[in-house]
1. Please find, among Leu137, Leu129, Leu116, the residue that is within 17 Å of Glu13 (Cα to Cα) and among the hydrophobic types (A, V, I, L, M, F, W, C).
2. Of the residues that sit in the range 81-103 and are in contact (Cβ under 8 Å) with a residue 60 or more places away in the chain and not polar (S, T, N, Q), which one is farthest from Asp120 (Cα to Cα)?
3. Identify, from the list Asp118, Asp150, Asp111, the residue that is at pLDDT 95 or above and charged (D, E, K, R).
4. Quick one: His85 ticks every box in (1) of a type outside the set (S, T, N, Q); (2) within 30 Å of Ala53 (Cβ to Cβ); (3) in contact with a Lys or Arg (Cβ under 6 Å, 6 or more places away or on another chain) bar one, so which box is it?
5. Which ones in the range 96-138 are over 18 Å from the mean Cα position of the chain (by Cα), of a type outside the set (Gly, Ala, Ser) and surrounded by fewer than 15 Cβ atoms within 10 Å (Cβ to Cβ)?
6. Is there any pair with a first residue in the range 119-139 that is more than 15 Å from Met100 (Cβ to Cβ) and a second that is exposed (fewer than 14 other Cβ atoms within 10 Å of the Cβ) and among the aliphatic types (A, V, I, L, M) whose Cβ atoms are under 8 Å apart and which are 6 or more apart or on different chains, and what are they?
7. Which one is nearest to Ala149 (Cα to Cα), of the residues in the range 94-136 that are charged (D, E, K, R) and assigned to a strand (DSSP E or B)?
Amino acid sequence: MTWAGAFRGRKEEVLEGGIRVPAIVRWPGTIPRGTISRQVAVTMDWTATVLAATGTAPAPGHALDGEDLLPELRGARPPRPRTLHWRHRRAEPPMIQEAMREGALKYVRLDERESLFDLDADDREASDLATSRPGALARMRRAHDAWFADVSRT
């Protein structure tokens, strides 16, 4: 699949066209019919959600990277801001792609080129705010680099 609709990028890329995927969940008696959640989530959240739904605790000593989405799916909790990170090394053509989302702000680094987007105002990632918001860009770069250094140690 390479078509991402109106979003920039495609699968295997960190732009919205590569990482934004809708989820359809059906659970009669638990999730009300017609529930729509705008909660930002990642694949790792489904492990935490399924464990919570089945009343199962993670194995001792195995912390989960994801979060339980049941409160949002049940409509019991409004969407909350999340800080999420992505890093992908593409083989052909060679490229290191990285991104960090903090609330509505998204930092993107494609090889050495950095961009900053406000996804609430521009979910198509058409208006790069890197030059108009250098402080936010630098702060997110530092936070993302610290995250990568941390996960690289484990």
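The values are calculated or read from the model by the stated rules, or taken from the named source; none is laboratory data. Remember, predicted model here, so these are calculated numbers, not experimental data. All Cβ positions, even for glycine, are placed from backbone atoms using ideal geometry, and neighbour counts span all protein chains on display.
1. After applying the criteria, what remains is Leu116.
2. Only one residue fits best here, namely Arg90.
3. Asp118
4. Among (1) of a type outside the set (S, T, N, Q); (2) within 30 Å of Ala53 (Cβ to Cβ); (3) in contact with a Lys or Arg (Cβ under 6 Å, 6 or more places away or on another chain), the lone unmet condition for His85 is (3).
5. Asp111, Glu112, Arg113, Thr131, Pro134
6. Arg124/Ala6; Ser127/Ala121
7. By that ranking, first place goes to Glu98.
Per-residue answers, yes or no, for (1) out of contact with any Pro (no Cβ under 8 Å at 6 or more places or on another chain); (2) under 30 Å from Ala138 (Cβ atoms); (3) of a type in the set (Phe, Trp, Tyr):
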residue	(1), (2), (3)
Arg20	yes, yes, no
Ala41	yes, yes, no
Leu51	no, no, no
Gly55	yes, no, no
Ala59	yes, no, no
Pro71	yes, no, no
Asp118	yes, yes, no
Glu125	yes, yes, no
